[in-house]
Every structure is written in C-alpha cells, then in structure tokens.
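Take a look at the structure below.
Read-outs: derived from the displayed coordinates by stated rules, not from any lab. These numbers were taken from a predicted model, which means no experiment stands behind them. Neighbour counts are summed over all protein chains in view; Cβ atoms, including those assigned to glycine, are modelled from backbone coordinates with ideal geometry.
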Amino acid sequence: MSTIFKKQTVTEDHSLRLAAEQAVQATDATVLEAVVPWAAYHNAGLLNDADAELIDAFDKQPLAKQLELFDAAPAAHVGMLVRIIETMNKPEPIRYTLALVHTLLKAERGAAFLAAEPWAAFEKLLTRDYADFYLRATAASVLAQLCETAFGVRGGAPPAASVDALLTFINAQLRAADADSVRVGCFGLRPLLAVDALRERFALTRAGAGDESDGVMTLVFVLRAHAKSVQLVYEAAFCLWLLTFNRRVVAAAPPGLVRGLADAVRVQKKEKVLRVCIAALTALCSHKRSDPRAAAASAAASTAAAACRAASASPGCLCDDES
C-alpha cells in the first residue's frame, strides 16, 4: 500500500466514520439551537403525556446531562424519539429530532436504538420528498449508522429490507443531477462501507430502471458527471477506496473503474483527490489475480498509480484541502 495511504482496518478506525460525516456533524449544533414548540405539539395531540415530559426534560440540556438521562431510561427515550419521527409531518421537529438521534449515535448509544427495532420509522424518512439537505443527509446517515451498529453486535445484522431500502435510496441520490443529492448519497454510503459485507452488497447493487451499472460504476459515474466539483469527486473516490478493502469487490472490478480514477487524476489538481486516487489504484494493483483481463487491469492500475504519484509530487498540486 502507498505510504501516503496506509491501509488499516476500517471497522476499527472510528476516524473514518467521523470524517465521513464531517459536514453533517458541523450543522448538528446549529439545528439544535432551534426552539421547537413541544408544548404546542403536546396540546395538539401529537405528543403523549409521557413523551412530552421526557422531551421537556431532555431538550436543551448539556450533552453530559442528556447522556445521563438517556442511560437512566434508554428504552423510554428511544421510544419517544422514534414516535416523534413516526407521527410528525413537518420537517422542523423531524430535523431537530434527527439531530438528537445523530448526537446519541455519535456518543455510541446505537445499541439502545437497535433494541427498539426502529427500522421502519427511519426507512419512511427516505421516501418523503424533503428539499432540506440536512434532513435528507442525516436521515440516510442515521439509518446507515444503525446498519453498521447492527453488524457490530455479535451475530447481528440489520433487516435485509432496511439495507435494500437504504441502498436503493443511495443509488438514486448518487445518480441525481444535482450536487446536493449526490452529497446525500455519499453521506449515507460511507458508514455502510465500514462493514465488509455491505461493501460487497453495495458493489453488486444495480442502478435499476434499465441501467445495469453496479455500485462501483455508479461511483465512477459520479467521478465523471461531477468532474467540476472537487468535493464530489473526492467523496466518490474515497468511497471507491473503501470498496478496495473487500477482495471480492476488487477481483470483480470492471475496467471502467481504473479508467475512471485515472481520468479523475488527469483533470483534478487538489492534493486530497490525488492522494485518495493513488490509494485506490494502488490497492487495485496490489491484489494478485490470475485471469488475463484482471492482469491487464492491474497493469493499467499500476501505470495510473505511478502517474498519480508523479502528479502529486508537482508543487502545483499541493493545494489546500478545500472543496
């Protein structure tokens, strides 16, 4: 593996998950600054007495106090948060509640949510036509983190229907024409790719609607369709690098993957893009495969990786890390 990107066990590296959601996490605190009229929702019959009491005590508390309250009655708090998501239609209370859930998941409280079987509530959010970028991105990220957490439980796994719903949503977002939708897809995808079984599941997922492209080529599509956006190219290339941790995905990688990464290097100048492309290409050519087509792809990957290294050594490419 390149010394620029030393391969490590993704499932044990929490920094990857944190990096995956950096932009979403940066807005959690802002969302939680809003004042939600919980009393009005209670009076309207949208909150029962017990949930109104719980949210009133929980809301606007410091994180340490919120965790103390949550740990004292995890099932009650999870039930309250899930019921708010299930019963509310307005985006404002839903986005606020998602911010609370997101914060609790970052604080490693995911196991408590799994015990409540909240899959249907979060799946439903994926089908709602919200224009709010934060809400869509956080809904996808929360469901993805719950899937990741489920695999972390000994012998556990998320419901197949939930994984299918999330992958269908992610593929649709990645294939969208607007940049915000593609970013939503990337936010949902990154936590999934921390789980080896889900790397292969995504890689084999077809785009649908007559398009036979798999998950790998969907990300290559993002590289090409959004070549003018450094951040989207980086997000797609990073996801492709995460996929190279699965040997079966690499073994079945189409030739278009190498070409897509090499093309990205030729048009991009940002160092972060070059670094992740080098990592992905080096990983591709590090796997020894026997069939002639794979050997040709490996040789092409080696050539492209060498070109990337040469490009990254150019002073003109050592840019800052802005998108």
*Mind checking the full-extension length gain between T30 and K269? Use 0.36 nm per residue of separation minus the Cα-Cα distance, one decimal, nm.*
82.8 nm
_Protection proxy ranking, peptides 218-230, 70-82, 42-54, average beta carbon neighbours within 10 Å, highest first_ = 218-230, 70-82, 42-54
*Length added when fully stretched, A40-D59, from 0.36 nm per residue minus Cα-Cα*: 5.4 nm
*Got the relative contact order for region 62-216 handy, in percent, Cα pairs under 8 Å and 6 or more residues apart?*
18
*Could you list, in their original order, any pairs among K106/K270; K60/K106; K106/K272 whose Cα atoms are separated by more than 20 Å?*
K106/K270; K106/K272
*Label D132 and E92 with points 7 Å out from Cα along Cα→Cβ: what is the distance between them in nm?*
1.0
*Once fully extended, how much extra length lies between A251 and D178, figured as 0.36 nm per residue of separation less the alpha-carbon to alpha-carbon distance?*
23.1 nm
